[in-house]
1. Who wins for biggest fluctuation among Leu117, Leu18, Leu215 in a Gaussian network model of the chain, springs between alpha carbons below 10 Å?
2. Using +1 at the Cβ of each Lys and Arg and -1 at the Cβ of each Asp and Glu in the chain, identify which of Leu216, Val54, Met118 lies farthest towards the dipole's positive end.
3. Would you indicate which of [x] -1.27, -1.37; [y] -1.03, -1.22; [z] -1.16, -1.42 is the value of log10 I(q)/I(0) by the Debye sum over Cα atoms at q = 0.14, 0.16 Å⁻¹ derived from the coordinates of this structure?
4. Indicate the gyration tensor shape class of segment 167-297 (rounded, prolate or oblate), computed on the Cα atoms with a ≥ b ≥ c the square roots of the eigenvalues: a/c under 1.5 is rounded; otherwise a/b larger than b/c is prolate and the rest oblate.
5. Using a Gaussian network model of the chain whose springs link C-alpha atoms within less than 10 Å, name the residue from Ala226, Ala188, Ala128 with the highest mean-square fluctuation.
6. Which whole-number percentage describes the relative contact order of the chain, with Cα contacts under 8 Å and a sequence gap of 6 or more?
7. Name the longest site-free stretch of the chain, where the excluded sites are GluC sites (Glu not before Pro) in a DSSP loop with no more than 11 other beta-carbon atoms within 10 Å.
8. Any idea what the dipole of segment 47-123 comes to, in debye rounded to 20, about its Cα centre with Lys/Arg Cβ at +1 and Asp/Glu Cβ at -1?
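Where a number appears in this text, it was derived from the coordinates with a stated rule and is not lab data. These numbers were taken from a predicted model, which means no experiment stands behind them. Note that each Cβ is placed from the backbone with ideal geometry, even for glycine, and that neighbours are counted across all protein chains shown.
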Amino acid sequence: MEILGTQMETFRTCQRPLACGHHCGGIPNENYCAPCMVEGCQDDIYYGDGHCIVCAEPWTSKPIIQIVCGHLFHYDCIRQMLKNRWHGSRITFGFMLCPLCKVSISHPDLCEIMSPLMHLYDKIKTKALTRLQHDGLFQAQDITQPSGKYYKDPTGFAMDKYAYFMCSRCRQPYFGGEGRCQDEVEEADPKELICPLCSDTTKNKVCSQHGLDYLLYKCRYCCSLALFHCFGTTHFCETCHNDYTTVHDKPEESLPKCPAGPCGKQLSGSECPLGIEHPPTGEEFVIGCAMCINSNSF
């Protein structure tokens with residue numbers, strides 16, 4: 001008992017005695033002490049194994065924290081998990097969930113680190129739901145059917161469908177196409193994650209009302225609407241994106257002229273399928289703001 005108390009004091013844990021007689025071992029100055037984690041004092045078999053599930057080190061090695069769902073972890077483990085944020089280039093928020101039950105992590109001593117993360121989550125959530133509404137997908141079967149993956153959860157559907165990335169220059173999230181893009185291409189170099197404004201693909205055509213999020217681009221390599229924004233500089237239609245190595249490595253002089261079909265195909269005739277005038281194939285071009293124009297007319 002004396003050895004345990006000395007060890008916990010070294011790591012500046014809460015020293016208030018619990019009903020069992022052991023020192024708390026949680027975060028100093030908490031309003032409520034966490035349950036005793038000394039082996040033999042817990043009825044729960046899981047907590048009786050003496051180790052944190054995140055780092056596999058003994059409970060007594062670091063201060064513990066009990067988050068809102070009731071599960072316990074080392075305080076430093078949870079803080080580090082939140083600091084590390086998402087894995088990969090696409091912004092995701094699974095790291096903000098309890099590793100055991102997937103309930104959102106919450107604790108007064110985590111407010112400082114959670115506050116900016118929640119702000120980012122709310123910003124992307126708003127962007128994704130607005131785009132879902134614009135695309136007319138609130139009635140998608142995945143949302144409306146009981147068997148759907150996101151039944152009655154349009155937020156989950158939108159956050160899964162649309163991919164957002166953190167611009168390496170302005171540190172703001174930007175829309176990068178559909179989420180499945182990540183399943184088809186390799187992870188991007190963090191330096192290549194550049195929003196359209198910072199990479200100047202907008203050519204200063206920024207909607208004064210809706211900003212950058214709903215700019216409608218022509219595919220860089222053909223006369224189709226772009227759905228994906230990759231490499232920080234390039235907008236692709238779905239077909240060119242699925243076979244991007246065919247067009248991305250071609251010199252511009254060898255690309256087809258308008259009317260240009262996907263994947264380097266030259267179409268017959270002289271009329272652009274989009275019905276617009278645009279620069280030569282191989283250059284980025286903003287058609288306009290999708291929220292301000294009827295994109296179905298293209």
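1. Sorting by GNM fluctuation, first place goes to Leu18.
2. Positive-most Cα among the choices belongs to Leu216.
3. Here the calculated entry is [y].
4. Working: a/c = 1.82, a/b = 1.21, b/c = 1.50.
The shape class here is oblate.
5. Answer for the Gaussian network model of the chain: Ala188.
6. This gives 10 percent for the chain.
7. Numbers: sites that count: Glu186, Glu187, Glu271, Glu277.
Counting at most 11 other Cβ atoms within 10 Å as exposed, the longest clean stretch of the chain is 1-185.
8. Result for segment 47-123 is approximately 300 debye, rounded to the nearest 20.
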